[in-house]
Amino acid sequence: MTMKKLSTLLSLGVLFAIEATSSYAADVSYSAASIIDWKHKSFSGDTAYSVVYDEQLQKKVIQASSMQSASGLFYEQKIDLDKTPWLNWSWRVEKFPTISDEKKKAGDDFAARIYIVVQDGWTFLSTKAISYVWSQQASANDIWPNPFTGDKAMMLAVRADQDGNGWVTEKRNIKADLQKLFGKEIRYIKAIAIMTDTDNSKSSAISYYSDIRLTEE
């Protein structure tokens, strides 16, 4: 992910603070049909997102295909983590990007990411993000600062390459992760996003997303 991408992503936090309503999602499931309608934001070319039928899950899912590109689908909504602190989702990687070191700028590409964006104040500098990634090189639960923005956007390896390429289901307590990564309690998030990107490595990747849910427990 380039500096331009990260700067744009973080600046969205200010935009979300203006656009987001005071409502919140509670125990809501986001189907492939709804995810494909999330806002498409391009940072470097366009990752192709489409709805496809998955034989294993027997349902429609989101396919993401990136060729030297980086763009994401964003759900912009003020979400109260006191009510729905848990983020649940399923994902599968078919093809990983070709990288040297994913913790450096040239390798900051991932076949599958889910972003959580928060606005911890009212300035550009107060915007923070967690990037939950399916890592090729890190171990599960490894944490590191994004190579472009430092600790403004923290990377968290939820899944490792050695876990295979079948469907896996994740469950993260967003509120607890924010407390751990940024050292303070944050009640509201401003956006959720999925992104598959390969622009830094000039390679390609294919992944799938399904069953994104916000729940009380």
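The values are calculated or read from the model by the stated rules, or taken from the named source; none is laboratory data. Quantities reported herein were computed from a predicted structural model and do not represent experimental measurements. Ideal geometry is used to build each Cβ from the backbone, glycine not excepted, and the neighbour counts take in all protein chains shown.
For E185, the conditions (1) touching a strand residue (DSSP E or B) at 6+ places or on another chain (Cβ under 7 Å); (2) acidic (D, E); (3) in a loop (DSSP other than H, G, I, E, B) all hold with the exception of (1). Among the residues of segment 30-86, which ones are among the small types (G, A, S), touching a Ser or Thr at 6+ places or on another chain (Cβ under 9 Å) and either buried (at least 18 other Cβ atoms within 10 Å of the Cβ) or not in a loop (DSSP other than H, G, I, E, B) (or both)? Answer for segment 30-86, where residues must be among the small types (G, A, S), touching a Ser or Thr at 6+ places or on another chain (Cβ under 9 Å) and either buried (at least 18 other Cβ atoms within 10 Å of the Cβ) or not in a loop (DSSP other than H, G, I, E, B) (or both): A32, S42, S44, A48, S50, A64, S65, S66, S69, A70, S71, G72. Scan segment 58-77 residue by residue and report those that are more than 16 Å from I206 (Cβ to Cβ) and over 16 Å from the mean Cα position of the chain (by Cα). If the condition is that a residue be more than 16 Å from I206 (Cβ to Cβ) and over 16 Å from the mean Cα position of the chain (by Cα), then Q58, K59, K60 are the ones that fit.
Mind checking whether some residue in segment 118-131 is without any contact (Cβ under 8 Å) to a residue 40 or more places away in the chain and under 19 Å from R172 (Cα atoms)? For segment 118-131, residues without any contact (Cβ under 8 Å) to a residue 40 or more places away in the chain and under 19 Å from R172 (Cα atoms): present.
Just a yes or no: is a residue in segment 178-186 within 20 Å of Q63 (Cα to Cα) and in contact (Cβ under 8 Å) with a residue 60 or more places away in the chain? For segment 178-186, residues within 20 Å of Q63 (Cα to Cα) and in contact (Cβ under 8 Å) with a residue 60 or more places away in the chain: absent. Could you list, in sequence order, the residues of segment 185-202 that are surrounded by fewer than 24 Cβ atoms within 10 Å (Cβ to Cβ), closer than 17 Å to D101 by Cα and in contact with a Lys or Arg (Cβ under 8 Å, 6 or more places away or on another chain)? Scanning segment 185-202 gives D199, N200. Filtered by the rule that a residue be over 19 Å from D211 (Cα atoms), modelled with pLDDT of 95 or more, surrounded by fewer than 16 Cβ atoms within 10 Å (Cβ to Cβ) and not hydrophobic (A, V, I, L, M, F, W, C), segment 160-182 gives Q179, K180. The residue that is surrounded by the fewest Cβ atoms within 10 Å (Cβ to Cβ), among those in segment 97-113 that are part of a loop (DSSP other than H, G, I, E, B) and within 16 Å of the chain's Cα centre (by Cα), is E102.
Per the listing K78, K59, K41, the residue uniquely within 22 Å of D108 (Cβ to Cβ), in contact with a strand residue (DSSP E or B) (Cβ under 8 Å, 6 or more places away or on another chain) and of a type in the set (D, E, K, R) is K41.
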